[in-house]
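Student: Sharing a structure, written as structure tokens. Questions coming.
The values are calculated or read from the model by the stated rules, or taken from the named source; none is laboratory data. Owing to the predicted nature of the structure, the values given are computational and were not obtained by experimental measurement. Here the Cβ positions follow ideal geometry from the backbone for every residue, glycine too, while neighbour counts run over all protein chains shown.
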Amino acid sequence: MDESEIGEALSLVDSERIVELSKELIRIPSVTGEEREVVQRARTLLESSGVHVDLRGPDERPVINAVINPDAERLLAFNGHLDTVPVARLDAWTFDPFDPVVEEGRLYGRGSSDMKASCAVIIHVMELLSEMGLPIAVGAQLVPDEEKGGGHGTRLLIREMDAGRLRRPDYVVIGEKSNLKVRIAERGSFGFQVRFLGRASHTSAARTEGVNAIAKASKGVLALEKHIDRFHEWIGYPVLSVNSVKGGVVSNQVPAECVIGVDRRLVIGETAETVVKEVTEALDEAGEGDPDWGWELIAPRNEDGSYRYGPPNYTAPDTELGKAFYRAVPRALGVDPELYVEWAGCTDGRFYRYAGIQTIGFGPKGEHAHGPDEFVYIDSLVSQAKVYLALALELAHK
């Protein structure tokens with residue numbers, strides 16, 4: 001692939017078209033569970049450029065699987081979600097969240113950053129690639145339900161693949177925000193509870209008969225809630241956060257138990273078992289010398305007795321997709337690729353990686369996802385589209 005070919009392809013990226021498509025999607029409210037209308041609109045936009053769209057899932061929550069050149073040997077798929085979180089407080093917005101506004105290079109609206117504008121980039125790239133006749137299949141998988149676990153979206157597609165009813169992509173690109181950095185890995189997730197034990201009594205006997213489980217839990221929270229100094233160059237640091245506390249029944253009784261809910265995010269090399277070991281050591285140390293110290297860890301388990309959790313996942317830089325990204329970014333943007341190693345949550349990319357599919361995230365720059373005045377930088381959407389085109393060309397000519 002010569003520079004003139006890629007230069008000609010990149011020149012086709014149309015900023016105004018990307019903004020137009022983004023606005024089309026943002027104008028349609030699509031809180032998780034209510035995605036049908038926006039999915040149908042995305043389908044119409046794809047089909048208007050001659051791209052065949054295959055809908056999967058139930059009519060009320062369809063999933064888009066669109067493919068260009070479906071008979072080609074290899075398939076590159078771009079994934080994005082069309083559902084959003086609700087608008088918590090309308091009066092906190094400067095703009096109407098469903099009447100998108102462009103101001104100072106930013107596109108405002110619910111879902112602009114997370115992630116309807118990125119889905120618009122995918123649609124625009126599909127429009128352009130449909131005219132190029134590349135020797136590779138390219139797909140758009142636009143899904144509902146990402147915000148609540150993906151069971152009706154990307155995980156549905158994975159189930160279709162596992163059943164042999166849908167072609168497995170060879171490569172997947174996740175369009176979630178990554179600040180134009182290459183996201184090759186994601187933290188794992190392990191949720192569990194710790195139940196601290198006390199002894200109930202009348203408040204008047206709190207210092208003679210009672211053992212306050214809330215007080216014990218407080219000591220446990222302080223033992224767990226701290227920075228974990230373990231860095232991985234592809235992901236960053238692990239995270240533990242105590243996110244719920246439930247204890248006590250009535251105000252005049254010393255509580256006999258208190259349960260905390262813990263969300264632990266894991267880096268490569270960690271497992272649920274290593275986390276449990278660390279938690280056990282921390283809590284045992286916190287309770288040293290306390291004759292009334294008692295607790296138990298409660299975590300979901302699989303049928304074989306192992307802990308149920310989402311392991312950390314990655315696609316290494318030396319894979320075909322990794323190498324293609326490292327060539328595509330400088331060709332499209334004139335800069336060296338940078339890894340996305342930030343305090344970020346999970347994406348649907350983990351489901352593809354768990355299925356053994358090379359998957360990398362690359363998305364735009366934006367702010368205030370899930371909050372008021374959410375926006376995305378328009379120039380970053382243009383850069384995203386250029387990288388996607390360059391990537392498709394790289395993989396097509398590898």
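Student: Specify which of the listed residues (Leu45, Leu12, Leu25) is in contact with a Lys or Arg (Cβ under 7 Å, 6 or more places away or on another chain) and at pLDDT 95 or above.
Tutor: Leu25
Student: Scan region 164-181 residue by residue and report those that are among the aliphatic types (A, V, I, L, M) and surrounded by fewer than 24 Cβ atoms within 10 Å (Cβ to Cβ).
Tutor: Leu166, Leu180
Student: Additional query: Asp99 fails exactly one of the following numbered conditions: (1) more than 26 Å from Leu12 (Cα to Cα); (2) under 17 Å from the mean Cα position of the chain (by Cα). What is the number of that condition?
Tutor: (2)
Student: Okay, next question. Are there any pairs, at least 6 apart or on different chains, whose C-beta atoms fall under 8 Å, with the first in region 372-386 and buried (at least 24 other Cβ atoms within 10 Å of the Cβ) and the second outside any helix (DSSP H, G or I) and of a type in the set (Lys, Arg), and if so, which?
Tutor: From residues that are buried (at least 24 other Cβ atoms within 10 Å of the Cβ), the pairs are Glu374/Arg110; Phe375/Arg106; Val376/Arg106; Val376/Lys177; Val376/Lys365.
Student: Give me the helices (runs of 4 or more DSSP H) completely within region 248-360, filtered to those with at least 1 residues that are assigned by TED's automatic domain parsing to the domain that holds Leu157, ordered by residue number.
Tutor: Filter on region 248-360 gives 320-333, 349-354.
Student: Working only within region 231-266, note down all residues that are more than 17 Å from Ala299 (Cα to Cα) and either hydroxyl-bearing (Ser, Thr, Tyr) or within 22 Å of the chain's Cα centre (by Cα) (or both).
Tutor: Phe231, His232, Glu233, Trp234, Ile235, Gly236, Tyr237, Pro238, Val239, Ser251
Student: Can you pull out every residue in region 43-64 that is over 13 Å from Pro144 (Cβ atoms) and under 25 Å from the mean Cα position of the chain (by Cα)?
Tutor: Leu45, Leu46, Val53, Asp54
Student: How many residues, within region 204-235, are under 21 Å from Gly248 (Cβ atoms) and either of a type in the set (Ser, Thr, Tyr) or outside any helix (DSSP H, G or I) (or both)?
Tutor: Residues that pass the stated criteria total 10.
Student: Quick one: Thr94 ticks every box in (1) crowded, with 17+ Cβ neighbours inside 10 Å; (2) more than 26 Å from Gly151 (Cβ to Cβ) except a single one, so which number is it?
Tutor: (1)
Each row is one residue, and each column tells you yes or no for (1) under 22 Å from Leu12 (Cβ atoms); (2) touching an Asp or Glu at 6+ places or on another chain (Cβ under 8 Å); (3) of a type in the set (Phe, Trp, Tyr); (4) not assigned by TED's automatic domain parsing to the domain that holds Leu10.
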{"residue": "Asp71", "(1), (2), (3), (4)": "no, no, no, no"}
{"residue": "Arg110", "(1), (2), (3), (4)": "no, yes, no, no"}
{"residue": "Ile122", "(1), (2), (3), (4)": "yes, no, no, no"}
{"residue": "Leu142", "(1), (2), (3), (4)": "yes, no, no, no"}
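Student: Still on this structure, please answer the following. Could you check Glu320 against (1) surrounded by 17 or more Cβ atoms within 10 Å (Cβ to Cβ); (2) under 18 Å from Ile360 (Cβ atoms) and say which number it fails?
Tutor: Checking Glu320 against (1) surrounded by 17 or more Cβ atoms within 10 Å (Cβ to Cβ); (2) under 18 Å from Ile360 (Cβ atoms), the one that fails is (1).
Student: Val279 - would you say it is touching a strand residue (DSSP E or B) at 6+ places or on another chain (Cβ under 8 Å), of a type outside the set (Phe, Trp, Tyr) and surrounded by 19 or more Cβ atoms within 10 Å (Cβ to Cβ)?
Tutor: yes
Student: Please specify each residue of region 106-153 satisfying the condition of being in contact (Cβ under 8 Å) with a residue 40 or more places away in the chain, of a type outside the set (Gly, Ala, Ser) and more than 30 Å from Leu90 (Cα to Cα).
Tutor: If the condition is that a residue be in contact (Cβ under 8 Å) with a residue 40 or more places away in the chain, of a type outside the set (Gly, Ala, Ser) and more than 30 Å from Leu90 (Cα to Cα), then His124, Val125, Met126, Glu127, Leu128, Leu129, Met132, Leu134, Pro135, Ile136, Val138, Gln141 are the ones that fit.
Student: Is it true that some residue in region 62-70 is crowded, with 19+ Cβ neighbours inside 10 Å, within 11 Å of Ile123 (Cα to Cα) and either modelled with pLDDT under 95 or of a type outside the set (S, T, N, Q) (or both)?
Tutor: yes
Student: Could you grab the pairs with beta carbons closer than 8 Å, sequence gap of 6+ or different chains, first residue in region 15-30 and assigned by TED's automatic domain parsing to the domain that holds Phe375 and farther than 22 Å from Val87 by Cα, second one among the small types (Gly, Ala, Ser) and not in a loop (DSSP other than H, G, I, E, B)?
Tutor: If the second residue must be among the small types (Gly, Ala, Ser) and not in a loop (DSSP other than H, G, I, E, B), the pairs left are Ile18/Ala117; Ile18/Ala120; Ile18/Ala385.
Student: Here's a follow-up. Would you call Gly371 part of a loop (DSSP other than H, G, I, E, B) and either modelled with pLDDT of 95 or more or within 24 Å of the chain's Cα centre (by Cα) (or both)?
Tutor: So Gly371 passes the test.
Student: Okay, next question. Give Val53, Val85 a once-over and let me know the one that is surrounded by 16 or more Cβ atoms within 10 Å (Cβ to Cβ) and free of Cβ contacts under 8 Å to residues at least 24 places away in the same chain.
Tutor: Being surrounded by 16 or more Cβ atoms within 10 Å (Cβ to Cβ) and free of Cβ contacts under 8 Å to residues at least 24 places away in the same chain holds for just one of Val53, Val85, which is Val53.
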